[in-house]
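Chemist: Below is a structure I'd like to ask you about.
The values are calculated or read from the model by the stated rules, or taken from the named source; none is laboratory data. None of these values were measured; they are calculated from a predicted model. Here the Cβ positions follow ideal geometry from the backbone for every residue, glycine too, while neighbour counts run over all protein chains shown. Only protein heavy atoms, including side chains, enter the accessible area calculation; ligands, DNA and RNA are left aside. Shrake-Rupley method; radii C 1.70, N 1.55, O 1.52, S 1.80 Å.
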Amino acid sequence: MKDIIKKLNYYGALVFVRKEFYHVFRDPKTLLMLFGMPVVQIILFGFALTNEIKSEGIVICDYAHDRASQRIINKLEVNQSFEVERQILSHREIEDVFKTGKVKLVIVFPAHFNQDLQHLGKALVQIIADASDPNTESTLSNYATNIIMDYQREVSKALVFPMQINTQEFRQIFRNPLILRMIFVMPIVQLLVMPLAADYEIKNISISLVDHDRSSYSQKLINKISASGYFKLNDYGASFNQSFQEFQKDNSDLILEIPKNFEKELVRENGSTLFIAVNAINGVKASVGSAYLSRIISSFNSDVRAEWVQPERFSEIPVFDVVTSNWFNPLLNYPFFMVPGILAVLVTMVGVYMCALNIVKEKEGGTIEQINVTPIKKYIFILGKLIPFWIIGIVIFTVGLFGITRVVYQIVPVGSVFLLYSFLAIYLVALLGIGLLISTYSANQQQAMSLAFFCMMIFILMSGLFTSIESMPEWAKWIARLNPVTYFIEVTRMVVLKGSGFADIKNHFIIIVSMTIFFNSWAVWNYRKTS
């Protein structure tokens, strides 16, 4: 008897498995969500998302207009990391240029730049950076400094070191404790945790050192690397092969090999060579780590030259002083960059998810069919469904902006709060249109969740929150430009951190209004068609 029961249970389980497979595969929408959407996301994100800095906008302020400054500008123009937008005439234009959001770096050449270089042996280059995005600022400043120092090495032929409203709807929402937690508690927790955890500043980069020289100069260089705060000494190997084993075990990110007779070659032959090996599996860590190391070596190079040639005594070898000035976020505080973006994403998630699921729930319960046979106009029903979530979105944004953001992170909006809320009001209408659109294509809450998740993945990852849009391929940039979240994150950062005005974001207003009309028109048209 027991054997018979076991067989019945076994066959019963098989029947249920067959039934579930049949249920899944008979629905074309479910099949598309299961297999089509993951394939699209893998292809899209694999090509589009990169932290490599390319074609970032910079502006030149050249008071000198001489041969030396022009040669450095030419080097910047041919570098793929930069795109020289234009040249400005004075410092007064710098803040206005930054507020547009199109420029990340301004390089200033003072008057008599070449003359100071030739007669005093020393010239100043000022780098002014938009530090509202600390990760991009740090990388671009490193790139620009390396280009300038490269020109210095060309000129001086010095040391070379080879080196990236409806009240019923409100009652329905607030009587469900689970929905209340999802709407209010989850965004608050995410806003508290994510900015502190999602820190783009790369520290504790593991480095293996192979010092064949063991001289005073090699020790100075090692001490300088250890004291930088960016590197963590993984091992002090006797040979490159020994350190390379740490590479293979993924314990080390970089290897710096100092050759034998390093100090002797510096003193006698006025030059030496260092070898840097980079573990490039993690491309971001590799590029940033090698950029940090190259900058430290360049600084060591300058220290050695200053020790030998004493430029303050009018040496014939020219020396550049590169001064970096960080605007809008002087301390490169990463939460200042992340919090406005995450706040925008949380508002987006609440608007799209809650709206779509709420309407599909009514569809599953048969409420919509009942309303369709009543005298109530369809647009009245739609407004009654959307307006509560519009108000809730504004409330969540207010709690995040004036509660958590101000109290926990000490971020105070620099620009007009009225301007920010004006954009938010229009943006939420666009989001609710997307939520309504998703609901019209979904037969049940499972399909609505899948579609909403698919859209949110694209919205978040293609918005510039985690990776720079300028670094994406051209086709991916067009997708980012069609993403409403892109514009809300940009506006939030520009108004909160830079104090940008309406003139700076008027194009964003025009685009988001157009998206609002498009998505809501599409949603209403499809709602009428399906109902």
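Chemist: So which pairs qualify, if the first residue must be in region 323-347 and closer than 21 Å to residue 146 by Cα, the second must be of a type in the set (D, E, K, R), the Cβ gap must be under 8 Å, and the two must be at least 6 apart or on different chains?
Modeler: Pairs that qualify, where the first residue is closer than 21 Å to residue 146 by Cα and the partner is of a type in the set (D, E, K, R), are 326/137; 327/95; 327/130; 332/137; 332/201.
Chemist: For region 244-263, which positions are in a loop (DSSP other than H, G, I, E, B) and closer than 18 Å to residue 225 by Cβ?
Modeler: Residues satisfying the conditions are 251, 252, 253, 259.
Chemist: If you don't mind, another one. Which of the helices (runs of 4 or more DSSP H) contained wholly in region 384-498 include at least 2 residues that are under 30 Å from residue 94 (Cα atoms) and small (Gly, Ala, Ser)?
Modeler: Those helices (runs of 4 or more DSSP H) span 474-481.
Chemist: Also, I was wondering about something else. Residues in region 32-42: is at least one of a type in the set (Val, Ile, Thr), open to solvent by 90 Å² or more (accessible area, probe 1.4 Å), assigned to a helix (DSSP H, G or I) and at pLDDT below 75? Don't jump to the end; show me each part of the working.
Modeler: At the first step, the residues of region 32-42 found to be of a type in the set (Val, Ile, Thr) are 39-40, 42.
With the extra rule that they be open to solvent by 90 Å² or more (accessible area, probe 1.4 Å), the set shrinks to 42.
Narrowing further to those that are assigned to a helix (DSSP H, G or I): 42.
Cutting the leftovers down to at pLDDT below 75 gives us 42.
Within region 32-42, one or more residues are of a type in the set (Val, Ile, Thr), open to solvent by 90 Å² or more (accessible area, probe 1.4 Å), assigned to a helix (DSSP H, G or I) and at pLDDT below 75.
Chemist: Take the conditions open to solvent by 10 Å² or more (accessible area, probe 1.4 Å) and modelled with pLDDT under 75 and apply them to residue 204. Does it pass?
Modeler: No, not satisfied.
Chemist: I'm trying to understand the selection: among the residues of region 438-457, which are aromatic (Phe, Trp, Tyr) and either more than 31 Å from the chain's Cα centre (by Cα) or open to solvent by 60 Å² or more (accessible area, probe 1.4 Å) (or both)?
Modeler: Result: 441, 453.
Chemist: When the residues of region 388-434 are narrowed to those that are open to solvent by 30 Å² or more (accessible area, probe 1.4 Å), among the β-branched types (Val, Ile, Thr) and modelled with pLDDT of 90 or more, which ends up nearest to residue 99 (Cα to Cα)?
Modeler: The selected residue is 417.
Chemist: Enumerate the pairs (first residue in region 405-416 and basic (Lys, Arg); second residue anywhere and surrounded by 18 or more Cβ atoms within 10 Å (Cβ to Cβ)) with beta-carbon separation below 9 Å, excluding pairs fewer than 6 apart on the same chain, so at least 6 apart or on different chains.
Modeler: Final answer for the pair search is 406/413.
Chemist: Which of the following residues is under 12 Å from residue 205 (Cβ atoms), out of contact with any Gly (no Cβ under 6 Å at 6 or more places or on another chain), buried (at least 19 other Cβ atoms within 10 Å of the Cβ) and at pLDDT 80 or above: 262, 231?
Modeler: Being under 12 Å from residue 205 (Cβ atoms), out of contact with any Gly (no Cβ under 6 Å at 6 or more places or on another chain), buried (at least 19 other Cβ atoms within 10 Å of the Cβ) and at pLDDT 80 or above holds for just one of 262, 231, which is 231.
Chemist: Whether any residue in region 493-514 is more than 23 Å from the chain's Cα centre (by Cα), closer than 26 Å to residue 362 by Cβ and surrounded by fewer than 17 Cβ atoms within 10 Å (Cβ to Cβ) is what I want to check.
Modeler: Looking for residues that are more than 23 Å from the chain's Cα centre (by Cα), closer than 26 Å to residue 362 by Cβ and surrounded by fewer than 17 Cβ atoms within 10 Å (Cβ to Cβ), one finds none in region 493-514, hence no.
Residue-wise test of (1) among the small types (Gly, Ala, Ser); (2) modelled with pLDDT under 90; (3) farther than 26 Å from residue 401 by Cα.
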| site | (1), (2), (3) |
| --- | --- |
| 478 | no, yes, yes |
| 486 | no, no, no |
| 497 | no, yes, no |
| 502 | no, no, no |
| 508 | no, no, no |
| 511 | no, no, no |
| 516 | no, no, no |
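Chemist: Restricting attention to region 441-455, does a residue exist that is closer than 30 Å to residue 412 by Cβ, modelled with pLDDT under 90 and among the small types (Gly, Ala, Ser)? Reasoning before the result, please.
Modeler: In the first step, residues of region 441-455 are kept if they are closer than 30 Å to residue 412 by Cβ; the result is none.
No, because not a single residue in region 441-455 is closer than 30 Å to residue 412 by Cβ, modelled with pLDDT under 90 and among the small types (Gly, Ala, Ser).
Chemist: Considering only residues of region 82-138 that are of a type in the set (S, T, N, Q) and part of a helix (DSSP H, G or I), which is least open to solvent (accessible area, probe 1.4 Å)? Lay out the reasoning, then the answer.
Modeler: Going through region 82-138, the residues of a type in the set (S, T, N, Q) turn out to be 87, 90, 100, 114-115, 118, 126, 132, 135-136, 138.
Retained after the next criterion (residues that are part of a helix (DSSP H, G or I)): 114-115, 118, 135-136, 138.
Working: 114: 25, 115: 99, 118: 113, 135: 26, 136: 8, 138: 23 Å².
So the residue we want is 136.
Chemist: Here's a follow-up. Can you tell me which of 275, 300 is of a type outside the set (S, T, N, Q) and open to solvent by less than 50 Å² (accessible area, probe 1.4 Å)?
Modeler: Every option except 300 fails the conditions.
Chemist: Something else about it: Tell me the residue from 90, 69 that is out of contact with any Asp or Glu (no Cβ under 6 Å at 6 or more places or on another chain) and among the small types (Gly, Ala, Ser), please.
Modeler: Details: 69 fails: out of contact with any Asp or Glu (no Cβ under 6 Å at 6 or more places or on another chain).
Result of the check over 90, 69: 90.
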